[in-house]
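Here's the structure, in structure tokens; my notes come after.
The values are calculated or read from the model by the stated rules, or taken from the named source; none is laboratory data. These figures come from a predicted structure and were not determined experimentally. Using ideal geometry, Cβ is built from the backbone for each residue, glycine included, and neighbour counts are taken over all protein chains shown.
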């Protein structure tokens, strides 16, 4: 999804929702009733039950990602830059409309620091959107085919990464909790001892732990809370995310058909190219979801800007 873009965290969102996933050919149907967790004689929930529940959550998340492409929405991002003591030194706010143009997510800035853009800034944004439209409108069939194939390959690579983390974590049921009126299972995941990554990008997984909240009635994950247990390096000297970086994600149900991002909070302590340090709290809120591929009037559920 578009909502997280910072230093590889896009790869981490899927971790708790799909860990302990068996082979893709064993995927559960989203039409099946949600898997239930029942302790055995020892009082522990069998791993097979947890695996079944997480697998259903994965399938639903894949379907949500597809349906997101049918929606436009508003994204508001607050970026709080912190000083060495953790105090807020500067705040920047950007609000954008996220559009779908020829199957591509396009961001159109509409305000900064909760103030409308100047006429010149607004004109530049309109011109940017028009350039994208003109480029896609005049795209040849061959160019479009290659672009779609490239996008599909990227999605397949991402899916392979997701499936490769199947044995990266051990999950335990921590109890139940209500989240926005939904009765949820609370699962906690810790790195699996002796985990041997098969892909280069999977090496980071053993440096995270966290929790996932899954709706009992739907088998849909509704909340994630993930923390870095150690420093994480990207490339030899490209970037480093420091221990303690944390991300929280909350979803909301839209039109009683799809679960989409409502709130994301990221605490980032990182260094890029060993030169510039980033200590930031980033808060993203999503609202005004509108379905544009429909013949009927839709109601929107979610936060109001």
The strands (runs of 3 or more DSSP E) lying entirely within segment 65-120 that contain at least 3 residues which are without any contact (Cβ under 8 Å) to a residue 40 or more places away in the chain are 88-101, 104-112
Those strands (runs of 3 or more DSSP E) completely within segment 220-301 that have 3 or more residues that are at pLDDT 90 or above and more than 15 Å from the chain's Cα centre (by Cα) are 276-291
Do the conditions hold for residue 150, that is, is it assigned to a helix (DSSP H, G or I), over 24 Å from residue 292 (Cα atoms) and at pLDDT 95 or above? no
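Based on what the data block shows, is residue 131 loosely packed, with under 13 Cβ neighbours inside 10 Å and assigned to a strand (DSSP E or B)? Break it down stepwise before answering.
Working: loosely packed, with under 13 Cβ neighbours inside 10 Å: yes; assigned to a strand (DSSP E or B): no.
Against the criterion (loosely packed, with under 13 Cβ neighbours inside 10 Å and assigned to a strand (DSSP E or B)), residue 131 does not qualify.
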Checking 105, 40 in turn, the sole residue that is within 25 Å of residue 168 (Cβ to Cβ) and at pLDDT below 85 turns out to be 40
Checklist entry - Within the bounds of segment 167-182, is there any residue that is over 30 Å from residue 40 (Cβ atoms), over 22 Å from the mean Cα position of the chain (by Cα) and modelled with pLDDT of 85 or more? => result no
Filter segment 134-144 for residues that are outside any helix (DSSP H, G or I) and exposed (fewer than 11 other Cβ atoms within 10 Å of the Cβ); the one that is modelled with the highest pLDDT is 140
When (1) loosely packed, with under 14 Cβ neighbours inside 10 Å; (2) touching a strand residue (DSSP E or B) at 6+ places or on another chain (Cβ under 8 Å) are applied to residue 199, the one that fails is (2)
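May I ask you to list the residues in segment 205-216 that are touching a residue at least 60 places away in the same chain (Cβ under 8 Å) and crowded, with 21+ Cβ neighbours inside 10 Å? Give the derivation first.
Filtering segment 205-216 down to residues touching a residue at least 60 places away in the same chain (Cβ under 8 Å) leaves 205, 208, 210-212, 214-216.
Of everything in segment 205-216, those that are touching a residue at least 60 places away in the same chain (Cβ under 8 Å) and crowded, with 21+ Cβ neighbours inside 10 Å turn out to be 205, 208, 210, 212, 214, 215.
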So is residue 147 out of contact with any strand residue (DSSP E or B) (no Cβ under 7 Å at 6 or more places or on another chain), without any contact (Cβ under 8 Å) to a residue 12 or more places away in the chain and surrounded by 14 or more Cβ atoms within 10 Å (Cβ to Cβ) or not?
-> yes
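Does residue 93 satisfy being surrounded by 12 or more Cβ atoms within 10 Å (Cβ to Cβ), at pLDDT 85 or above and more than 26 Å from the chain's Cα centre (by Cα)? First the steps, then the outcome.
Numbers: surrounded by 12 or more Cβ atoms within 10 Å (Cβ to Cβ): yes; at pLDDT 85 or above: yes; more than 26 Å from the chain's Cα centre (by Cα): no.
So residue 93 does not fit the description; no.
Only one of 19, 35, 27 is at pLDDT 75 or above and in contact with a helix residue (DSSP H, G or I) (Cβ under 8 Å, 6 or more places away or on another chain); which? Give the derivation first.
Numbers: 19 fails: at pLDDT 75 or above; 27 fails: at pLDDT 75 or above.
Matching residue, one of 19, 35, 27: 35.
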